[in-house]
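> So that we are looking at the same thing, I have put the structure below in structure tokens.
The values are calculated or read from the model by the stated rules, or taken from the named source; none is laboratory data. Here the structure is a predicted model, which means the values were calculated and not measured. In this analysis, Cβ positions are derived from the backbone assuming ideal geometry, glycine residues included, and neighbour counts consider all displayed protein chains.
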Amino acid sequence: MDDLTITTETHIQARWILKARDETMSLRSLVEKYKVAKARLFLKLRDSADKKIGKASIEIRTGRKWSVTMADEHTEISLHHQFIVGATNKGREGPGHGQQRKDREKDFPWYNRR
């Protein structure tokens, strides 16, 4: 989290602001836990061993602002892009200094080496 500078005139105001900040931080952690739980449920149902459950278009209700299916699609697209681009160099690294992935078949189901 970023550093925060608080300036108040009295210690009572400082206490009130710190209490409000703590409540906001706890709300953020609750939202994050909610999103993780919904994503875990979605992945369990989608990758189920039972073919009927995996093929069924089960809709998980998440609300208006965030959708678990959109988050999953965005993650799949970014992983596919990462696979296409490959390892990139950072800073002044030369070619061959980046980490090479050896397990592409397991991580990316669309990868076909034939």
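> Working only within segment 54-95, note down all residues that are in a loop (DSSP other than H, G, I, E, B) and within 14 Å of the chain's Cα centre (by Cα).
Within segment 54-95, the subset in a loop (DSSP other than H, G, I, E, B) is 56-67, 86-95.
Result: TRP66, SER67.
> Find the residue count for segment 2-53, including only residues that are in a loop (DSSP other than H, G, I, E, B) and among the β-branched types (Val, Ile, Thr).
5
> Only one of (1) modelled with pLDDT of 85 or more; (2) more than 30 Å from LEU30 (Cα to Cα) is not met by ASN112, so which one is it?
If we test ASN112 against (1) modelled with pLDDT of 85 or more; (2) more than 30 Å from LEU30 (Cα to Cα), just (1) comes out false.
> On the basis of being out of contact with any Gly (no Cβ under 9 Å at 6 or more places or on another chain), touching a residue at least 24 places away in the same chain (Cβ under 8 Å), surrounded by 10 or more Cβ atoms within 10 Å (Cβ to Cβ) and not hydroxyl-bearing (Ser, Thr, Tyr), does ALA20 make the cut?
Taking the combined requirement at face value, the residue does not satisfy it.
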